[in-house]
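The values are calculated or read from the model by the stated rules, or taken from the named source; none is laboratory data. Just so we're clear, the structure is a prediction, and the values are computed from it rather than from any experiment. Glycine gets a Cβ as well: all are built from the backbone with ideal geometry, and neighbour counts include every protein chain shown. SASA here: full protein model, heavy atoms, side chains in, ligands and nucleic acids out. Shrake-Rupley method; radii C 1.70, N 1.55, O 1.52, S 1.80 Å.
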Amino acid sequence: MQNDPERLFKRLNDIITCQPNWERVLAPRILLGLWHPKFIEPAKRCLPFCRRSFIGFSIQVARKYFWNYCDAFSVWFTALASAEGQKYVVFFLLLLLLRVPPPSPRVQPFCFCQRRTHDGF
């Protein structure tokens with residue numbers, strides 16, 4: 001059973017924005033964990049100030065649905081140990097070594113889980 005994403009994120013927005021100094025103190029610390037594509041658009045619409053992370057088992061799902069919308073990826077270790085997973089890890093390590101600038105100021109340039117900056121690996 002999953003909550004309705006629109007209702008959930010609107011309620012979260014209400015809770016977050018009623019806190020004192022929420023923009024400076026609370027919002028930068030929140031990382032939304034998303035596991036289903038139906039949560040992406042409501043998260044972007046209702047909580048644009050929050051970073052987003054994919055949580056899941058499949059690198060293919062992460063690349064197909066979440067790659068352009070998430071700041072971090074939490075993927076099952078066994079998937080990362082596969083040949084496809086190794087490509088994924090190497091891609092992020094190259095970003096680190098090359099110091100590719102992040103696409104938005106909210107992503108740290110030295111963070112392992114940067115958003116991609118171009119198509120493919």
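Computed values, structure above
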read-out	value
Of all residues in the range 18-43 being within 11 Å of the chain's Cα centre (by Cα) and open to solvent by 60 Å² or more (accessible area, probe 1.4 Å), the one that is nearest to Lys87 (Cα to Cα)	Trp35
Criterion (within 30 Å of Thr78 (Cα to Cα) and either modelled with pLDDT of 95 or more or touching a Pro at 6+ places or on another chain (Cβ under 6 Å) (or both)) met by exactly one of Ile40, Ile59, Ile55, Ile16	Ile40
Matching residues, the range 44-62, being out of contact with any helix residue (DSSP H, G or I) (no Cβ under 7 Å at 6 or more places or on another chain), over 20 Å from Glu6 (Cβ atoms) and surrounded by 18 or more Cβ atoms within 10 Å (Cβ to Cβ)	Ala62
Members of the range 63-72 that are closer than 30 Å to Arg24 by Cβ, open to solvent by 50 Å² or more (accessible area, probe 1.4 Å) and either assigned to a helix (DSSP H, G or I) or among the aromatic types (Phe, Trp, Tyr) (or both)	Tyr69
